[in-house]
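**Q** Got a structure for you, questions after.
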Amino acid sequence: MPIRFAYHPGNVAHSSAPEVDETMRAACRSLDIELIDMPGATSCGAGILGQANRRLQITLNARTMSIAEDLGMDIITPCATTAATLFEDLMMLKADSSLMGEVNRTLEKTTGRVLEGSIKIRHLLQVILEEIGIENFSKKVKNPIPSPLAPYYGPNLQQVGLIGGDDVFDPWYMESVIEAGGGDPIRYASRTSSAGTPGIFSEEQTVLRQSANILSDAKTMGARMMISACTLSHGVLDIYQGKASRSTGLNTNLPVIHFCEYVAFLTGNFPTRLAMLKTRVAVIGD
Amino acid sequence: MGIFSVYIEEGCITCDACEEAAPEVFEVTEDTCFIKSDVRLDGGFDRNDSKSGLKTEVVQTYSDDILDAADGCPVDVIIVVEAKADEAEVEETITEVEVEVPIAAEAPQVSMEIEGLDAFLSAGDRTLNIFFGSQSGNSEQLASNFAKRAGDYGLEGIVHDMDGFDIKKMASMRRVAIVCSTWGEGEMPDNAEALWQAASSKDAPDMSGMAFSVLSLGDTSYELFCQSGKDWDGRLEQLGANRVAPRVDCDVDYEAMATEWAQEALTMLSAVDDSGNLHEELIESIREMADGGASVADGEDGFIVPDLTSDEIEVQLNVFRYDPHEKTSGTDTWLCSLPGHLTLLESLRAIQRTHDGSLCFTDGSPHDPNTAIVVNGRITLPGVSRIETLSNGRPGALNLHLEPLPGYDVIRDLCVDFGALTKKREEASLWHVSRTREAIRSEQGTLIGPMDPSEAIALHKMSDPFGAQVLHSCSDSIAYSQSYLGPSVCLDLWVKRTDPRTSTKRAEEIDTLLGGANAILAETDLAPIGRQPLAGKEIQSALSDAKTRALEHNGYNGRHGKHVWWYAWTMKSSGRVNDTVLYRQVLGPLGLLSNLTSGVTARMLTGFTRTGGKMVNDILALVAPPAGIGKMPRQFNKRVDDHYEVVSIFNSLDSRF
């Protein structure tokens, strides 16, 4: 019997990171998770929309969550930022009944919907650890990746209340998945630090230093590849790493893949891509 | 005086020096040194903790070698016991003792005592009646405290006000404690007068079945010091009661003496059975039981503080080290076994004291923000963090990484220089300028400016509870931007900006400061601040509001403003963010060109290490520049279902976009 979730692909999986959506769907099929699309769901705002108008972001997210409530399912997402933004807004609404009332009045007036606040927000990582179980997961591993791998969580997912039983600052959830996948998890200091992604357009130099530090930190500890739980940070850590290296002088040359890609490969999906990735891992480096 | 015995204390480093000096006596093992069995009277083979004597011929033959070994021990753990005059025939004496006092015979006896005490303490009426005669309340307070402690002695403490109490009822009691002060020139307190009159009358009942003790409070500056207590003590004795613990007369500083009296009186009264008989054989057992095997400590108010000790935990402490002279940094690792209740600060002190005197950290009171360090990524006050609470539930040894606070120059090891924050605070001109406003006159006649309670609470919530220096470090970007003022300074500015007492002109100045390139807009990510326990969501939310205000003040100009504006615009357009539009609108042609030359665009197009995606989309990006930057970006987003709802929400809440 598959576990069913209302599926929110995150902010950019429809556009600049379709590999996240593709691999999320494949990984979930392999893990016996049924994803129910929410074609009416909007972007979560990623905290950026909230900087313009927080009430607007909360109301839009209340609408998305009410769609999941109508389906009678919790939301699953591969994006750490989306998980955190939806979670924070939901917690804010549940903690403040007058805010919930005002948001629901707006929702009802504009859409006819009402949010009860009965759902939960889950990241794929959390579902693997807490619902599937690491032992069951290890049984589904078909293509182990026996390399020193650096998990990257970022700060969004690692918040008290959001990531269940994991330690917010000294996590072990992704390490467990890596071990189950035959890899050697690398422990490095900055694995929950921010890569500065929200500031990539406006504070590029600071973000380059932040992301360079994370990549260099992982590489120094022996990582051959990084696995990111955050779609947006994944983009920065991968796309900007050459520029980050030139800007800081640090060695940042490290393949970065998304957690969904990693799980999809482990569970036997996209063998050609995995072969290409292994080649890249073998080639890239010093 | 010759040698009688030799033994090894803890701390042997197994250097073999003793074995080389006296191989016939010492044998170095893997982790310590043993005294050989054939030289000892008891024939044992261990460190000789029992200090068993050496055989006569051994002493005669190897004394010099043993003394040489002791002198040569680099850690001084070889202890030589010299013989006394009456130890000449020690061999025979010891043998006799061993035979006559078999250890096994003692065990059942102890067990029986404990069983007997338990039965005694659970049998019959165990009430302890504590009477207070009090004028100022001190005696009443003490009586109340002692009643709470009575449970530790197997008693049920009941406090009685002497006022209106029936003397006959008092006479029927088996255990009585009296706490009474003296008023005026040796007079009873008001509430004790009537009972005292009844007790001192000729018709007072016989009290021979009562065990009692008196605590008397007084003042030595009065002639009749503690007279009331003395009167009660004497009268109860006259009426036949049994004084089981002597009266204690306290001066005005009574706490310590009162506590001592309570320990003795409660012990003795506990040993009284429900017939009023004192069981002297149980007194020591009761005392030990109440002491809890010395595992508890006396509180200042006379209460017994609960035992808060924890088992030892295996800890791997990885401490960041920096030597300012050599300009080298690294990590030192200590594998320790530390009691779980020890705080991190106490652990650092212990390491500094016993292992490495050069270890540098900021010491201080438990809540001193200057002591803060980073423990496994979490900003922590080490004085309030017990070792056992730092475990994340993983099996095996606790692995702690200790680092200095980020965002500051490191002086040495875990010590940082807070000068950077001071400089930024000066730079931000954090003064307050009040506006002219209405005041009200208080009952005392002074003028005060009132504030709405909800506004005051909101301001208070935004204030940083753990110190500016800690909040400054909660940002993940502070260490990577020299010019950024940091969250602490920005929060301070924002609190002043939202304070209704701030003048309009000053609020405008703060808007300009906050909208500057070095203020809150320089913070790349607020999420790390919100998740730090010493900052929290309230602070993150306040800083987010400050950002919104700064963006509005700047008219959503600049890259940050455009990023937010176009993000909102694309969401309204389709319900989804359009990163193509964002890149084009925020970076502009020059920014896009910069990405092209820096390799960012090429990396996006080729999907350097990312996998998957359709190449046709990459080609699309090339044929329709500048739109379409990104590995697989869409030129136009497909709208979400029921998109009109999204537009309706936008129009209802914010029609700017």
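**Q** Need at least 3 residues that are closer than 20 Å to B:Asp525 by Cβ, in contact with a Ser or Thr (Cβ under 7 Å, 6 or more places away or on another chain) and among the polar types (S, T, N, Q) per element, so show me which helices (runs of 4 or more DSSP H) inside the range A:198-259 make the cut, counting only ones lying wholly within it.
**A** A:204-220
**Q** While we're on this one: Working only within the range B:392-411, note down all residues that are touching a strand residue (DSSP E or B) at 6+ places or on another chain (Cβ under 8 Å) and surrounded by 17 or more Cβ atoms within 10 Å (Cβ to Cβ).
**A** Across the range B:392-411, the qualifying residues are B:Leu398, B:Asn399, B:Leu400, B:His401, B:Leu402, B:Glu403, B:Pro404, B:Leu405, B:Pro406, B:Tyr408, B:Val410.
**Q** Sticking with this structure for a sec: Here is a check on your reading of the model: is A:Arg209 under 28 Å from A:Ile128 (Cβ atoms) and facing chain B (nearest Cβ under 8 Å)?
**A** Working: under 28 Å from A:Ile128 (Cβ atoms): no; facing chain B (nearest Cβ under 8 Å): yes.
No; evaluated as a whole, the condition is false for this residue.
**Q** Hey, any hits in the range A:37-56 for a residue that's surrounded by fewer than 24 Cβ atoms within 10 Å (Cβ to Cβ), more than 8 Å from every other protein chain (Cβ to nearest Cβ) and either over 14 Å from the mean Cα position of the chain (by Cα) or modelled with pLDDT under 95 (or both)?
**A** yes
**Q** Taking the criterion of being charged (D, E, K, R), facing chain B (nearest Cβ under 8 Å) and in contact (Cβ under 8 Å) with a residue 24 or more places away in the chain, would at least one residue in the range A:213-220 satisfy it? Give the steps one after another, and end with the answer.
**A** So in the range A:213-220, the residues charged (D, E, K, R) come out as A:217, A:219.
From the residues that got through so far, the ones that are facing chain B (nearest Cβ under 8 Å) too are none.
No, because not a single residue in the range A:213-220 is charged (D, E, K, R), facing chain B (nearest Cβ under 8 Å) and in contact (Cβ under 8 Å) with a residue 24 or more places away in the chain.
**Q** Here are the criteria: (1) of a type outside the set (Phe, Trp, Tyr); (2) farther than 26 Å from A:Thr106 by Cβ; (3) modelled with pLDDT of 70 or more. Tell me which single one B:Leu622 does not satisfy.
**A** Here B:Leu622 meets the rest and fails (3).
**Q** Are any of the residues in the range B:461-475 buried (at least 17 other Cβ atoms within 10 Å of the Cβ), within 14 Å of chain A (Cβ to nearest Cβ) and either part of a loop (DSSP other than H, G, I, E, B) or among the acidic types (Asp, Glu) (or both)?
**A** yes
**Q** Could I ask something else about it? Tell me, please, whether a residue that is crowded, with 23+ Cβ neighbours inside 10 Å, out of contact with any helix residue (DSSP H, G or I) (no Cβ under 8 Å at 6 or more places or on another chain) and facing chain A (nearest Cβ under 10 Å) can be found in the range B:550-563.
**A** Restricting attention to the range B:550-563, the residues satisfying the condition of being crowded, with 23+ Cβ neighbours inside 10 Å are B:550-551, B:560, B:563.
Right, trim to out of contact with any helix residue (DSSP H, G or I) (no Cβ under 8 Å at 6 or more places or on another chain) and you get none.
No, the range B:550-563 contains no residue that is crowded, with 23+ Cβ neighbours inside 10 Å, out of contact with any helix residue (DSSP H, G or I) (no Cβ under 8 Å at 6 or more places or on another chain) and facing chain A (nearest Cβ under 10 Å).
**Q** Further question on the same structure: State whether one or more residues within the range B:416-425 are in a strand (DSSP E or B) and surrounded by 19 or more Cβ atoms within 10 Å (Cβ to Cβ).
**A** At the first step, the residues of the range B:416-425 found to be in a strand (DSSP E or B) are B:416-417.
With the extra rule that they be surrounded by 19 or more Cβ atoms within 10 Å (Cβ to Cβ), the set shrinks to B:416.
So far as the range B:416-425 goes, yes, one or more of its residues are in a strand (DSSP E or B) and surrounded by 19 or more Cβ atoms within 10 Å (Cβ to Cβ).
**Q** State which residue pairs qualify: first residue more than 27 Å from B:Ile529 (Cα to Cα) and inside the range B:443-470, second residue loosely packed, with under 12 Cβ neighbours inside 10 Å and charged (D, E, K, R) in any location, beta carbons under 6 Å apart, and separation of 6 or more residues or different chains.
**A** Note: pairs meeting the criteria are B:Leu447/B:Arg441; B:Gly449/B:Arg437.
**Q** Consider B:Ala535 against the criteria (1) within 28 Å of A:Ala195 (Cβ to Cβ); (2) in a helix (DSSP H, G or I): it satisfies all of them except one. Which criterion is unmet?
**A** The single condition B:Ala535 does not satisfy is (2).
**Q** Among the residues of the range B:1-19, what is the count of those that are exposed (fewer than 14 other Cβ atoms within 10 Å of the Cβ) and either under 21 Å from B:Gln60 (Cα atoms) or out of contact with any Asp or Glu (no Cβ under 9 Å at 6 or more places or on another chain) (or both)?
**A** Residues that pass the stated criteria total 4.
**Q** Now for a different question. Say whether the condition of being touching a helix residue (DSSP H, G or I) at 6+ places or on another chain (Cβ under 9 Å), within 20 Å of A:Phe201 (Cα to Cα) and within 11 Å of chain B (Cβ to nearest Cβ) is met by at least one residue in the range A:258-276. Walk me through how you get there before you give the answer.
**A** Narrowing the range A:258-276 to residues touching a helix residue (DSSP H, G or I) at 6+ places or on another chain (Cβ under 9 Å): A:258-271, A:273-274.
Now drop any that are not within 20 Å of A:Phe201 (Cα to Cα), which leaves none.
Checking the range A:258-276: not a single residue is touching a helix residue (DSSP H, G or I) at 6+ places or on another chain (Cβ under 9 Å), within 20 Å of A:Phe201 (Cα to Cα) and within 11 Å of chain B (Cβ to nearest Cβ).
**Q** Checking B:Ala479 against (1) surrounded by fewer than 18 Cβ atoms within 10 Å (Cβ to Cβ); (2) part of a helix (DSSP H, G or I); (3) at pLDDT below 95; (4) not acidic (Asp, Glu), only one condition comes out false. Which one?
**A** (1)
**Q** Looking at the range A:8-29, I want the residues that are within 10 Å of chain B (Cβ to nearest Cβ) and assigned to a helix (DSSP H, G or I) and have a partner that is surrounded by fewer than 24 Cβ atoms within 10 Å (Cβ to Cβ) and of a type in the set (Val, Ile, Thr) with Cβ atoms under 6 Å, at least 6 apart or on another chain. Which pairs are those?
**A** Listed pairs, sorted by first residue: A:Glu19/B:Thr611.
**Q** Further, regarding this structure: Checking the conditions here, which among B:Arg634, B:Arg603, B:Arg610 is closer than 17 Å to A:Val236 by Cβ, touching a His at 6+ places or on another chain (Cβ under 9 Å) and at pLDDT below 75?
**A** B:Arg610
The values are calculated or read from the model by the stated rules, or taken from the named source; none is laboratory data. It should be emphasised that the depicted structure is a prediction, and the values quoted were computed from it without experimental measurement. For neighbour counting, all protein chains shown are included, and Cβ atoms are generated from backbone atoms with ideal geometry for every residue, glycine included.
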